């Protein structure tokens, strides 16, 4: 795509919604022009990057009409961001993954049966004609949304949806325009999408159901299950560990014999004959659905976990087992296949005109290694007033690294933070506490009770999303959670949580299989990658309560592990907010004064 003038791109700006573009939006569009359609933009929160992406796609769509009637895509990590894009730009078409929709064929049963490709369903929409399989029924929303996307326009979907439809089902041609929002999350999202968990319980049920119709395939799965259990039982209980090459080779030799088409036919026969009760066996059906479509990917994932003379291992496989069941958990022996090197796959589904955006790009070379995204990198200043924020790195808190702390440092420091929360709460100021582990979360909640601080967190049947929603509705004075659940995607503007405590940086657990794999794969070079991830997390956590120019907020970085990381991680426009020479109690007083 080539634009002869910058004014060409500005002509697609949504003036009906915004009186005029901001300075950053104008500069961002200029940067896209200069990059000739391949740009990486680091745009601060509140600068209107969604409008930049929307403008770019409207321009791409104009060019696309000369070539194809297909859509252009705006992709985001999760459904919440899809809803935000749709709210800002109602003409955008949206689509969610299959598992996000209830099967209309079973809606009267009172059970939420996810949409399945294996079930015969009259509501399914023909992707060529737009007609349902049977006349007079409501169209399946999953297939209906996909059909509408194929008619053209701007489509907003999750990264996972885009990955599957472009790479595996190949239902769409490569679009003439692609915007990737929150691009720093792309590699992690794709890795999660391409990770598979195989348990003995689900595999056993699949074998039982398939044995009557495709006994030869059931026998292959049975052999795989026996080998899998034998390999896993050789490991200590409850400890995840990587599989070695000879173990992977045994599994590859067996699973390579599977015929996924024969399995699909057997499943369909079992459904028609009533052997599979859709209402009673919905969980097993879901696993069979995955098995049917992912059997080939299992094989490739196992194979790519093996290092060869021509390449390093691109994936890794680990396993764990339990001596007894935990609660209602039915899985005892679990095999997990994790995709790692996804940059090559991502490159295959990037448009020639790709715009990657995030408020936290950091090092674009690391982003390129992780995602395969290439383009001219531009970063933009924020018009957020530094006087409205503070970033505290207290001088008198301990180093909470396992090798540096004393026995009581963690508990004492958690209690100190709990007391600070109580002080803020008494002044009508609510807080958020971000920790590294569930053990730290539980301990902090316990100490807050002793200090008469009203917390809210997730667990015991309460999902993290629900806990956040309840906090936003006014429940609790301190929201508590791990970096994984609260570090990104939780927006707390307008004084919802003006104070954030970030307890310790999220360095990799040395016993985690991912850590072991990266140590083997990259050696000392792994530190550049790990530091990039920690710095991205620092900037993400710091930005949870500062979403517009009118917000006021502070962030306390507690462990001295942060000392050499926070200031370098900050963009230039944010460095004036940094306070690294104050004691903890003095920082609390300073924050109270700022937030009056």
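The values are calculated or read from the model by the stated rules, or taken from the named source; none is laboratory data. Small disclaimer: the values here were computed from a predicted structure and weren't measured. When we count neighbours, we look across all protein chains shown, and the Cβ atoms used for this are built from the backbone with ideal geometry, even at glycine.
Kindly check whether there is at least one residue in region 362-382 that is closer than 17 Å to residue 553 by Cα, surrounded by 14 or more Cβ atoms within 10 Å (Cβ to Cβ) and in contact with a strand residue (DSSP E or B) (Cβ under 9 Å, 6 or more places away or on another chain).
Looking for residues that are closer than 17 Å to residue 553 by Cα, surrounded by 14 or more Cβ atoms within 10 Å (Cβ to Cβ) and in contact with a strand residue (DSSP E or B) (Cβ under 9 Å, 6 or more places away or on another chain), one finds none in region 362-382, hence no.
Please go through region 356-399 and pick out each residue that is assigned to a strand (DSSP E or B) and either under 19 Å from the mean Cα position of the chain (by Cα) or over 25 Å from residue 25 (Cα atoms) (or both).
356, 357, 358, 390, 391, 392
Only residues that are part of a helix (DSSP H, G or I) and touching a strand residue (DSSP E or B) at 6+ places or on another chain (Cβ under 6 Å): list them for region 214-247, please.
228, 229, 232
Looking at 175, 122, which one is assigned to a loop (DSSP other than H, G, I, E, B) and outside the structural domain of residue 373 (by TED's automatic domain parsing)?
On inspection, the qualifying residue turns out to be 122.
From (1) in contact (Cβ under 8 Å) with a residue 24 or more places away in the chain; (2) assigned by TED's automatic domain parsing to the domain that holds residue 70; (3) out of contact with any strand residue (DSSP E or B) (no Cβ under 7 Å at 6 or more places or on another chain), pick out the condition that doesn't hold for residue 170.
(1)
Looking only at residues that are in a loop (DSSP other than H, G, I, E, B) and under 25 Å from the mean Cα position of the chain (by Cα) in region 420-475, which one is surrounded by the most Cβ atoms within 10 Å (Cβ to Cβ)?
The qualifying residue surrounded by the most Cβ atoms within 10 Å (Cβ to Cβ) is 457.
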